[in-house]
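A short worksheet on the structure shown next.
The values are calculated or read from the model by the stated rules, or taken from the named source; none is laboratory data. This is a predicted model, so every value here is computed, not measured. All Cβ positions, even for glycine, are placed from backbone atoms using ideal geometry, and neighbour counts span all protein chains on display. Accessible surface is based on the protein model in full, side chains and every heavy atom, while ligands, DNA and RNA are left aside. Shrake-Rupley method; radii C 1.70, N 1.55, O 1.52, S 1.80 Å.
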Amino acid sequence: MRADGGDDTNPAVEEADPVAERAGIESGGLTDLMAQLSALQNENSKLQEDIETTKSIIASVKPPPEETAEEETDPAMAGIEAFFNQPQQKPREPIGPGELLSPPNEAAIKWPEPNENPPFWERPPIRMPENLDPKTCEITTKPLHVVHVTAEMAPVAKVGGLGDVVTGLARAHLCQGHNVEVCIPYYSSLEGKVEDVKHVMDFDVPKGEQWEWDGEKEIRMSDFQWSMYSGKIGSCPIIALRPAFREGSNLFVGQRIYGGSYNETEAYLSFCRASLECLRVTGRDPNVLHVHEWQCSAVAMLYWDVYHAQGLLNNAKVMLTIHNMDNTGECREEEFMATGVPGSEFNTLEKAMDERTIGHNPERLCLMKGAIVYSNYVTTVSPTYAREALNGSAGFLGKTLTKERTKFSGVINGVDTEIWDARLDNFLPANFKPGTMEGKALCKKYLQMGLGMNVDPHKPLVVCVSRLVPQKGINLIEHAIPRTKEKGGQFVLLGSGHSDPPFQRLAESVYKNDKDVKLLIFYSDALSHLLYAAADCVLVPSMFEPCGLTQMIAMCYGALPIVRKTGGLADTVHDVDDPSMSDSKKNGFVFEGADNNSLEGALDRAIRYYHERKPWWKGMQEQVMDIDNSWERAGEEYVQLYRMVTGIREDNDHY
Ligand code: ADP
């Protein structure tokens, strides 16, 4: 099909039938013949032009044919898949300091329609952060070699904040001149999305299986071959590991990062062992092994008791970052055999035994507890969440953390300002910055038009971008939707997760044709950028929140956060009416209780101020955009911790 909806076949091509033309030539004299020849040449060059024009139109409106052939099977991933099926984006033209990528220009915007296919937010291809911009950071005199071991990495292997944090932190340290590598599973869903990907080597990794029959344990050991790939994600070097024989293993196979049809505990345990083995066989001996979450916790345990104990890796100190204590990695002894080491080695009270299972037959391991015990330092992602954990909210893990409290603290996450930047974000139809905010109004109009909402600049737009799981305050989100509408606002939810069926039902019934409410129950990185840019407020009513990035991302785009006072939300959002806060620190609307009334206290206030205090609102938007939530600060805190555990100081450090 042509861009104008006609058929690909150019009618002019059909008219130029060579047989008929030849017949015409034979019937005339020499002059006729010359004239016909010249006419033919003209026709031919016009035809060539037409063909080229048609080709370029087709290329600009649809991806190359071989890329469209791929089937879309998972609607939640369809948005992401669509991005990668589009032609790669050209590198961004250099933009002068302070300039906007797309200055506000209403006439230049290609305004979207509600039922575009593919949807309007998928127009620009995904942009990896391009630069490691060392403009403001100090280059280190004593670079550290840091290897992160993680299950997620933004933007291509991201489910939630863990992915954002790993990429942001790694990039901040690369900017300072540290040698950083990120080791992740090479999920089948990652294929085609890693820059400069190269197969490096295959190597054997020990693995065991354990049976118990009639009180007798039987262990069988074998080797499992893994493949190592190198490449880059967002300018950051990665080590991607996967079983060598894709056909022979379904580990990390699936359309999403999590939830494939394999035992996730065993898969990550085997990955942990493979990561250490990969360091050993490639001769890497980093200064810091930075492991994240329960999935990679076994690295800390195996590093000390297997690799370091046998002199196989000598240099590293281990840092664990806990992003969420909701899932701590419960593990049966026989599952631990996936590491090639019997779980019984670690299943003691002082090491990794899950205290809740004492007296059970059998007692189980808690991988996160093991990593807390074995790591040289443990961080979690905000000081308040760290305090809450020590004060009982972490359940039995609180006991372990209290015991290890001298090596435990909270470091508030940063935001990768290369990815989340209202000034340069190419997912937006118009960019903006404090002082030049017209683009934000255009983003709101663009979103309202694209989603088929009432196009009204005066209706406050409340947005929620969230995993839909109980932690995120599902009931409060559900209540905020009609309440916002009742107060004259608009609400857009972008969410996915295991609590999404009720929202899906609401989207398809009550709010199906609502012009002020849109419930979008899927994952889309691109759409999330547009939502933050369009929003007047971003709602984060979490029951608990280790750090929370959405409230900080919201601020980068001049949206005021409405949050429940818990964990990192309490550390980063300060109520505009809090008399104990200096004016420069006030940046949002905060409520404490977990009930609808408490939520209304903050939500109603936000909507009222939006309507009644226009100049004040505008000032607040610009004020929150100026808050420095970048990784520079948090990255520096991590470097200080790395230096403390390794003893490797900067040349000019005298402490
Ligand atoms: P958590 O890690 O608990 O999910 P955070 O607030 O720390 O919460 O990080 C959430 C990250 O995931 C943010 O970058 C947010 O924009 C993104 N996100 C969450 N849900 C979606 C979704 N449905 N589509 C796109 N991005 C999402």
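Tabulated results
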item: Scope the range 576-611; condition over 17 Å from Gly489 (Cβ atoms) and surrounded by 15 or more Cβ atoms within 10 Å (Cβ to Cβ); matching residues; result: Val576, Lys586, Asn587, Val590, Ala594, Ser598
item: Failed condition for Tyr229, given (1) closer than 25 Å to Val281 by Cβ; (2) without any contact (Cβ under 8 Å) to a residue 12 or more places away in the chain; (3) not acidic (Asp, Glu); result: (2)
item: The range 473-529, subset under 23 Å from Ile553 (Cα atoms) and aromatic (Phe, Trp, Tyr), residue farthest from the chain's Cα centre (by Cα); result: Phe491
item: Single condition Cys464 does not satisfy, out of (1) buried (at least 17 other Cβ atoms within 10 Å of the Cβ); (2) away from the ligand (no atom under 16 Å from the Cβ); (3) within 18 Å of Tyr610 (Cα to Cα); result: (2)
item: Within the range 501-575, strands (runs of 3 or more DSSP E) holding 2 or more residues that are open to solvent by less than 10 Å² (accessible area, probe 1.4 Å), closer than 19 Å to Asn475 by Cα and at pLDDT 95 or above; result: 537-540, 560-564
item: Thr484 vs. criteria out of contact with any strand residue (DSSP E or B) (no Cβ under 6 Å at 6 or more places or on another chain), in contact (Cβ under 8 Å) with a residue 40 or more places away in the chain and of a type in the set (S, T, N, Q); result: no
item: Residues (assigned to a strand (DSSP E or B) and either open to solvent by 10 Å² or more (accessible area, probe 1.4 Å) or on the phi > 0 side of the Ramachandran plot (or both)) located in the range 165-202; result: Asn179, Glu181, Glu195, Asp196, Val197, Lys198, His199, Val200, Met201, Asp202
item: Condition met for Leu519 (within 28 Å of Gly163 (Cα to Cα), free of Cβ contacts under 8 Å to residues at least 60 places away in the same chain and within 14 Å of the ligand (Cβ to nearest atom)); result: yes
item: Residues of the range 246-287 satisfying the condition of being among the acidic types (Asp, Glu) and under 19 Å from Glu191 (Cβ atoms); result: Glu247
item: Selection within the range 576-601 - closer than 14 Å to Ser542 by Cα and in a helix (DSSP H, G or I); result: Asn596, Ser598, Leu599
item: Condition check for Leu313: part of a loop (DSSP other than H, G, I, E, B), of a type in the set (A, V, I, L, M, F, W, C) and either modelled with pLDDT of 95 or more or surrounded by fewer than 20 Cβ atoms within 10 Å (Cβ to Cβ) (or both); result: yes
item: Selection status of Asn250, in contact with a Ser or Thr (Cβ under 9 Å, 6 or more places away or on another chain), open to solvent by 60 Å² or more (accessible area, probe 1.4 Å) and without any contact (Cβ under 8 Å) to a residue 60 or more places away in the chain; result: yes
item: Set Asp285, Asp354: member being away from the ligand (no atom under 16 Å from the Cβ), under 28 Å from Leu169 (Cα atoms) and of a type in the set (Asp, Glu); result: Asp285
item: Residues of the range 229-251 satisfying the condition of being closer than 22 Å to Arg171 by Cβ and not in a loop (DSSP other than H, G, I, E, B); result: Tyr229, Ser230, Gly231, Lys232, Ile233, Cys236, Pro237, Ile238, Ile239, Ala240, Leu241
item: Long-range neighbours under 9 Å by Cβ, at least six apart or interchain, first residue within 22 Å of Lys193 (Cα to Cα) and open to solvent by 50 Å² or more (accessible area, probe 1.4 Å) within the range 256-270, second at pLDDT below 90 and charged (D, E, K, R); result: Arg256/Asp74
item: Checklist (1) open to solvent by 30 Å² or more (accessible area, probe 1.4 Å); (2) within 20 Å of Ser496 (Cβ to Cβ); (3) assigned to a helix (DSSP H, G or I); (4) modelled with pLDDT under 85 applied to Ile80, failing item; result: (1)
item: Number of positions in the range 113-132 that are in a loop (DSSP other than H, G, I, E, B), modelled with pLDDT of 60 or more and either touching a Ser or Thr at 6+ places or on another chain (Cβ under 6 Å) or within 18 Å of Leu424 (Cβ to Cβ) (or both); result: 7
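Yes or no, residue by residue, for (1) in contact (Cβ under 8 Å) with a residue 40 or more places away in the chain; (2) touching a Phe, Trp or Tyr at 6+ places or on another chain (Cβ under 9 Å):
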{"site": "Met368", "(1), (2)": "yes, yes"}
{"site": "Asn376", "(1), (2)": "yes, no"}
{"site": "Gly395", "(1), (2)": "yes, no"}
{"site": "Gly414", "(1), (2)": "yes, yes"}
{"site": "Phe427", "(1), (2)": "yes, yes"}
{"site": "Met453", "(1), (2)": "yes, no"}
{"site": "Pro457", "(1), (2)": "no, no"}
